[in-house]
Amino acid sequence: MDTLKRIALVAHDRRKDDLIDWVRANARALAAHRLWSTGTTGRRILEQCPGLALTPVKSGPLGGDQQIGAKIAEGEIDMLIFFVDPLSPHPHEADVQALTRLSALYNVALALNRTTADFLVSSPFFAARYAAPTGGGDGEPGE
Ligand SMILES: O=C(CO)COP(=O)(O)O
């Protein structure tokens, strides 16, 4: 079974430090998977974890949430880690709602906060490939 996961990492501004802290804490597990991020989130993650196979798209308010949503609609994302800020208004609220709606519609594993992200990253679903590499596997993305 192919256990390589395609994961999107997104955070609102006031949750970015928390997401980056979570990514750093789970960098070894995440390094075995393919990652996408909205623009500002992705650039900040790569500053801290330059070894991750992470592709930034546009910034969320400039269409990045919709780009991630389109990948979900195309069946190209398995998991969305989206640390939302429920206490601030967002100019692109419609895009935020569309992104979480598409995650529900396409049965994408969705974490809106750190506790749920911890459950996902520690689940057998996530860890199978990591725990049982096949011959010659060294955890590099794309194997
Ligand atoms: O706006 C976002 C999520 O809705 C995130 O976008 P950035 O990562 O570009 O800040």
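Does Lys58 fit the bill of being of a type outside the set (Gly, Ala, Ser), surrounded by fewer than 19 Cβ atoms within 10 Å (Cβ to Cβ) and free of Cβ contacts under 8 Å to residues at least 40 places away in the same chain?
Here the answer is yes, as Lys58 does meet what is asked.
Within the stretch 41-97, how many residues turn out to be among the β-branched types (Val, Ile, Thr) and more than 10 Å from the ligand (Cβ to nearest atom)?
4
In the stretch 37-85, what residues are within 21 Å of Leu102 (Cα to Cα) and in a loop (DSSP other than H, G, I, E, B)?
Within the stretch 37-85, Thr38, Val57, Lys58, Ser59, Gly63, Glu74, Gly75, Glu76, Ile77, Asp78, Val84, Asp85 meet the criteria.
Considering (1) within 13 Å of the ligand (Cβ to nearest atom); (2) outside any helix (DSSP H, G or I); (3) in contact (Cβ under 8 Å) with a residue 12 or more places away in the chain, say which one Thr100 fails and leave the rest.
(2)
If you take the residues in the stretch 7-33 that are surrounded by 17 or more Cβ atoms within 10 Å (Cβ to Cβ) and of a type in the set (Lys, Arg), which one is farthest from the ligand (Cβ to nearest atom)?
My answer is Arg15.
None of the figures in this text is laboratory data; all of them are computed from the coordinates on show. This one's a predicted model, so the numbers in the text were calculated from it and none came from an experiment. Every residue, glycine as well, gets a Cβ built from its backbone with ideal geometry; the counts of neighbours run over all protein chains shown.
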